Amino acid sequence: MSQISSTSHHGAATGALFMLAASLAFAGTNVLQSVLPWQFGMSSTGMAFWQYVIASVLALPLILRIGIGNLRTRHPFAHEIRAFVSALGVHVFVYGFASGVPIWQMVTLLAVAPLFIVLGSTLFLGERASSTRIIAALIGCAGAIIVSGVGTEALGWQTLIPIAAAALWATTDLLTRYLAQQGEAPETLTVSLLVLVTPNHLLILLAVNAFGWVAPSLLPAGLATGFPFALPAASEGLVLLVLLGVLTAAAQYLLAFAYKVADAAYLQPFGDLKVPLSALVGWIALGQVPSIWFWPGAALILGASLFIYSREARPRAALAMA
């Protein structure tokens, strides 16, 4: 019998469905992250904080199932830096929405992350950058450049915001790989991030607002406004904020279920579907019509993911032949 990897046919189908559902949940969070600052006046830092407070409360069953005992580690500082960088990436990302960057551009430009990962893993982790990974990263980067609107009037400094978020989340991935190399168990990596990420969101929220008091003219508009813990005044806004936290937690649960039944490499192309799905949801819900350059750029990004999957799946397929 032969199979592509350790993933069974049933597990492959189930994992793909869970990953697709997670992509839809992420698309929903992207819409709400755009609506709450613009229509209800929430600061991006305050929104991100409450989003993850709600998500963390809903993730408590997952934390308890994994086990608090898995927080024991020989590398507490590295875990804290990983959680801080992950939280900072969220704040940078949601600030992009508060700055008016359309959803389709925000989500698609995150695709430069593999290029940062290839560079970082080669320079700092001593990993060998295969030609396949380099080609896929460059293709994805080319697609992101096309989507960003280089050479058109659509290009502005805001384009750098999702790229900065991609760099931060790539750093989170590199720190995860480093900790795994140091012998940290997957359970420790998971529960430490779930437990530490919300306190780090609080730290960033307080730091940004403190800086706003000291030097308000240097703080970008929409980053921190008024009382740092302020909730939307309108009941509708409060409901949408709760929904944002619910969708964030739901996406994490769906990802956990997907990775439980199928290999990460197999699931990656399905995860990339969040790019067109987010563009579609933003188009329907907010009327944000993607640029004509979105479609060829997104096609290159998805093509790069499928390329690296098809090339790197071959060795696993050969090993699984029986």
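The values are calculated or read from the model by the stated rules, or taken from the named source; none is laboratory data. Only a predicted model underlies this, so the values are computations on that prediction, with no experimental measurement involved. In this analysis, Cβ positions are derived from the backbone assuming ideal geometry, glycine residues included, and neighbour counts consider all displayed protein chains. Keep in mind that these areas ignore ligands, DNA and RNA; they rest on the heavy atoms of the full protein, side chains included. Shrake-Rupley method; radii C 1.70, N 1.55, O 1.52, S 1.80 Å.
Per-residue answers, yes or no, for (1) closer than 25 Å to GLY271 by Cα; (2) crowded, with 21+ Cβ neighbours inside 10 Å:
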residue: LEU71; (1), (2): no, no
residue: HIS75; (1), (2): no, no
residue: ARG82; (1), (2): yes, yes
residue: THR108; (1), (2): yes, yes
residue: GLU127; (1), (2): yes, no
residue: GLY143; (1), (2): yes, yes
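Here LEU60, LEU71, LEU110, LEU64 are screened, and the one residue that is touching a helix residue (DSSP H, G or I) at 6+ places or on another chain (Cβ under 8 Å) and closer than 23 Å to ALA250 by Cβ is LEU110. Report whether or not SER5 is assigned to a loop (DSSP other than H, G, I, E, B), of a type in the set (Gly, Ala, Ser) and modelled with pLDDT under 90. In short, yes.
Scan segment 172-182 for residues that are under 23 Å from ALA249 (Cα atoms), open to solvent by 50 Å² or more (accessible area, probe 1.4 Å) and modelled with pLDDT of 90 or more and the total you get is 0. Candidates ALA166, ALA185, ALA137: the one that is small (Gly, Ala, Ser), buried (at least 21 other Cβ atoms within 10 Å of the Cβ) and modelled with pLDDT of 80 or more is ALA166. Surrounded by fewer than 21 Cβ atoms within 10 Å (Cβ to Cβ), among the β-branched types (Val, Ile, Thr) and without any contact (Cβ under 8 Å) to a residue 40 or more places away in the chain: is that true of THR122 in this structure? Spelling it out, THR122 is indeed surrounded by fewer than 21 Cβ atoms within 10 Å (Cβ to Cβ), among the β-branched types (Val, Ile, Thr) and without any contact (Cβ under 8 Å) to a residue 40 or more places away in the chain.
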